[in-house]
1. Looking at region 186-201, is at least one residue surrounded by fewer than 13 Cβ atoms within 10 Å (Cβ to Cβ) and farther than 22 Å from PHE92 by Cβ?
2. Any idea which of (1) farther than 19 Å from PHE92 by Cα; (2) at pLDDT 85 or above is the one SER177 doesn't satisfy?
3. Of the numbered conditions (1) out of contact with any helix residue (DSSP H, G or I) (no Cβ under 6 Å at 6 or more places or on another chain); (2) in contact (Cβ under 8 Å) with a residue 12 or more places away in the chain; (3) closer than 30 Å to SER65 by Cα, ASN162 satisfies every one except a single condition; which is it?
4. Taking the condition more than 20 Å from PRO96 (Cβ to Cβ), basic (Lys, Arg) and assigned to a loop (DSSP other than H, G, I, E, B), does LYS180 pass?
5. Based on what the data block shows, is ALA172 surrounded by fewer than 18 Cβ atoms within 10 Å (Cβ to Cβ) and at pLDDT 90 or above?
6. In the set ALA223, ALA126, ALA144, ALA137, which member is surrounded by 13 or more Cβ atoms within 10 Å (Cβ to Cβ), modelled with pLDDT of 85 or more and small (Gly, Ala, Ser)?
7. Which pairs have Cβ atoms under 6 Å, sit 6 or more apart or on different chains, and link a residue in region 180-201 that is modelled with pLDDT of 85 or more to one that is among the hydroxyl-bearing types (Ser, Thr, Tyr)?
8. Confirm whether PHE92 is surrounded by 17 or more Cβ atoms within 10 Å (Cβ to Cβ), more than 28 Å from ALA192 (Cα to Cα), at pLDDT 85 or above and not aliphatic (A, V, I, L, M).
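The values are calculated or read from the model by the stated rules, or taken from the named source; none is laboratory data. Computed from a predicted model, the values in this text were never measured in an experiment. No Cβ is skipped: glycine too gets one built from the backbone with ideal geometry, and neighbour counts run over all protein chains shown.
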Amino acid sequence: MAKKDKSRQKKFDTRIDFTPMVDMNMLLITFFMLCTTMIKSQTLQISLPSNEKVEKEQQNKVKQSEAVTIIIDGKVDDKGLSKPDEGMLYYFDGMPPTGEELKNLTVANPMKQIEFGNKTGGAYPAVREILRERNKAVVEKIEALKKDWKEMKFDPNSEEKNDSIYQVKAKAIRNDSTLKRPVVIIKATPNASYAHVVSVLDEMQINNISRYQIDRINQVDSAMMILLQGKDVGK
């Protein structure tokens, strides 16, 4: 009797081919690149003081009727830390006093002060009122332009084109040299916090102020602040 051969099972190598996955990944990457909306980083455009003498002279060439200086002074707690929600703002119109005006500071101090914090609403309503009054011509034109933008008068068929036309027209109004526009000079004392400065910079955007810069506080500013507080300058 013939001996039966034992059945032998064929062994197959199990292997997964990932080559098609490469093509799929490339298709997905291409799809997301084409469908993703690129967002530009939004940063504050600030004109900082320069050490160059020529640039400083150009920055200081401002009409006295247009200049507004705002000094931010924070309040500190018992530990000497700045309170982000409390402080004092000092401001004056025109250029800082010099010569005889500087000698008569005790009689005619052009600086005024505003307290801000939770007790006054936690915002800067007084500062906003000051800036809007000095930038009245620009604000009125921007508000009229914004009304047309909301009513889709620039392009009723496309929101994107309507927005684009509005931005171009608004920029032209802000940079219109024929309109009376203030030049705001922002300064901060060592007690002022970063939040204080950012809040004032936000007011520049809210009130459509196109010309502003951050500068260093000087001895004249300090003297006016001390006199306004009823203290002796020599102390």
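1. Let us first name the residues in region 186-201 that are surrounded by fewer than 13 Cβ atoms within 10 Å (Cβ to Cβ), namely 190, 194, 198.
Then keep just the ones that are farther than 22 Å from PHE92 by Cβ; that gives 194, 198.
Looking for residues that are surrounded by fewer than 13 Cβ atoms within 10 Å (Cβ to Cβ) and farther than 22 Å from PHE92 by Cβ, one finds at least one in region 186-201, hence yes.
2. Unmet condition: (2).
3. (3)
4. Values: more than 20 Å from PRO96 (Cβ to Cβ): yes; basic (Lys, Arg): yes; assigned to a loop (DSSP other than H, G, I, E, B): yes.
Judged against the criteria, LYS180 is a match.
5. Details: surrounded by fewer than 18 Cβ atoms within 10 Å (Cβ to Cβ): yes; at pLDDT 90 or above: no.
No; evaluated as a whole, the condition is false for this residue.
6. Values: ALA223 fails: modelled with pLDDT of 85 or more; ALA126 fails: modelled with pLDDT of 85 or more; ALA144 fails: surrounded by 13 or more Cβ atoms within 10 Å (Cβ to Cβ).
It is ALA137.
7. Going by the 6 Å Cβ cut-off, the qualifying pairs are VAL184/TYR212; ILE185/THR69.
8. Details: surrounded by 17 or more Cβ atoms within 10 Å (Cβ to Cβ): yes; more than 28 Å from ALA192 (Cα to Cα): no; at pLDDT 85 or above: yes; not aliphatic (A, V, I, L, M): yes.
It is false that PHE92 is surrounded by 17 or more Cβ atoms within 10 Å (Cβ to Cβ), more than 28 Å from ALA192 (Cα to Cα), at pLDDT 85 or above and not aliphatic (A, V, I, L, M).
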